[in-house]
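Working notes, structure below.
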Amino acid sequence: MTQFNFSTANLSRYPAKHAKDLQAWDAADEYLAKFISDQANILILNDAFGGINCAVHASASNPLHVNDSWCSLKAIEINSNHKPQAYEGQKIDLGLIKLPKSISLLEAQLKHVCNQLDKPLEVYFSGMQKHVSSGHLDLLKQLCSDLQYLPTERKARMYKGMLEPAKHQIQTSCLPVPELNLTLHNAAGVFAEQKIDIGSRFFIENFKLLPCAKTVADVGCGNGLLSLAYHQLHPNAALTLTDESLAAVESARSSFAFNFPNATYQLAHNDGLFGCEQIFDLILINPPFHQQNTVTTDIAMSMFSQAKACMGPASELWIVANRHLNYQADLKRWFRNVLVATQNDKFVIIRAKR
Ligand SMILES: C[S@@+](CC[C@H](N)C(=O)[O-])C[C@H]1O[C@@H](n2cnc3c(N)ncnc32)[C@H](O)[C@@H]1O
């Protein structure tokens, strides 16, 4: 079988506007593609921008996907011109698995696959060595038989094993927040799964500064903490929560159901406010500073520009961020009125208006 050439395939990242030095595939994707067999029904986990998917398509088969990320699924669609097909227990003979940063996400994904299997599945796991830890390996040893280490190629690790059928429980974890009288219900892999982020905590401590809004968007909502805290202060606000991580959407839904079952809110698995036509009185963002394993402010910039499109003259965007990121300067590209509402030695809370 001829090898798929990643560098001539015109693969693009999603969002498409990003730092020029970032590319849409890495050596681990290329290494995984070497194990594609045109005879097999292939399952791909965590394809970042569709490179592995395109390599499988080039061998004339249609892979199935397990993927937490809306942006990755969109990239797969754009790069291959096909909507990615979700794995729902269909027959599979081979797994190509990109190791995600979150070991708990990987555990939940692998257990989901194991639960559907009726015989062991041949799987290849790869990731760049700087992102693969002993925790990843411990998990693979736990769920696979016959685990083998293949030689590292261009700093990409590779493991081969047989994923064993089993009936695993996939649990969410509960994180009490006594100072707010809330309990967060976290799905595996959600942001701040074990502990509240200190930036979010600082933001919430200053929520008394926020206006009393009728409509509020919480962009990159994670487990819904900011919306839950806003709802406590302003129970009549109509909330819209979005996150590109499915684990986040599930966590926010469970956290609202547990804490405020009667709250009015909408929840979307989406790239920020992409495609949203509503104007909000207030938009809240604790922006991510990485996309998967890559440190980048690209997503934050994309969120700010999407936010502007959903704001009227009286709307307010409030963000919390690490001081050193100096987002005030970036926000001035889109907003005329940008001010620091408050700050401490680590974080800054910024208000922006059109
Ligand atoms: C710093 S966390 C903040 C989470 C939550 N708002 C909090 O304060 O605890 C950033 C969140 O943005 C989400 N995210 C990253 N890229 C995104 C995108 N393109 N669209 C929507 N959400 C995104 C991440 O999944 C993560 O939940």
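A few comments on the model shown:
- Cβ pairs under 7 Å, 6+ apart, first in the stretch 288-315 and under 21 Å from Ser102 (Cβ atoms), second away from the ligand (no atom under 11 Å from the Cβ) and part of a strand (DSSP E or B): Phe289/Val295
- Test: residue in the stretch 181-193 that is touching a Pro at 6+ places or on another chain (Cβ under 6 Å), assigned by TED's automatic domain parsing to the domain that holds Asn322 and β-branched (Val, Ile, Thr): yes
- Among the residues listed as Ile204, Ile198, the single one being crowded, with 18+ Cβ neighbours inside 10 Å, among the β-branched types (Val, Ile, Thr) and in contact (Cβ under 8 Å) with a residue 12 or more places away in the chain: Ile204
- Selection of helices (runs of 4 or more DSSP H) fully inside the stretch 155-259 by the criterion of at least 3 residues being within 13 Å of the ligand (Cβ to nearest atom) and among the small types (Gly, Ala, Ser) returns 246-259.
- Of the set (1) acidic (Asp, Glu); (2) touching a helix residue (DSSP H, G or I) at 6+ places or on another chain (Cβ under 6 Å); (3) under 22 Å from His269 (Cα atoms), all apply to Glu88 but (2).
- Residue within the stretch 134-149 that is more than 17 Å from Ile44 (Cβ to Cβ), part of a loop (DSSP other than H, G, I, E, B) and either among the small types (Gly, Ala, Ser) or touching a residue at least 24 places away in the same chain (Cβ under 8 Å) (or both) present: no
- When restricted to residues that are of a type in the set (Val, Ile, Thr) and in contact with a Gly (Cβ under 6 Å, 6 or more places away or on another chain), the stretch 110-142 contains 1.
- When Asp281, Asp271 are screened for being within 11 Å of the ligand (Cβ to nearest atom) and either more than 15 Å from Ala229 (Cα to Cα) or without any contact (Cβ under 8 Å) to a residue 24 or more places away in the chain (or both), only Asp271 passes.
- Here the stretch 76-99 is the region considered, the condition is being within 25 Å of Leu273 (Cβ to Cβ) and touching a strand residue (DSSP E or B) at 6+ places or on another chain (Cβ under 9 Å), and the residue that is farthest from the ligand (Cβ to nearest atom) is Ala86.
- Test for Asp29: is it assigned by TED's automatic domain parsing to the domain that holds Pro151, modelled with pLDDT under 95 and not basic (Lys, Arg): no
- The condition of being more than 23 Å from Phe4 (Cα to Cα), of a type in the set (D, E, K, R) and either modelled with pLDDT under 95 or buried (at least 20 other Cβ atoms within 10 Å of the Cβ) (or both) holds for Asp68.
- The strands (runs of 3 or more DSSP E) located wholly in the stretch 267-354 that include 2 or more residues which are among the hydrophobic types (A, V, I, L, M, F, W, C), buried (at least 19 other Cβ atoms within 10 Å of the Cβ) and at pLDDT 95 or above occupy 280-285, 311-322, 347-353.
The values are calculated or read from the model by the stated rules, or taken from the named source; none is laboratory data. Bear in mind that the values here come from a model prediction, so they are computed numbers and not experimental data. Positions of Cβ are backbone-derived with ideal geometry, glycine not excepted, and every protein chain shown enters the neighbour counts.
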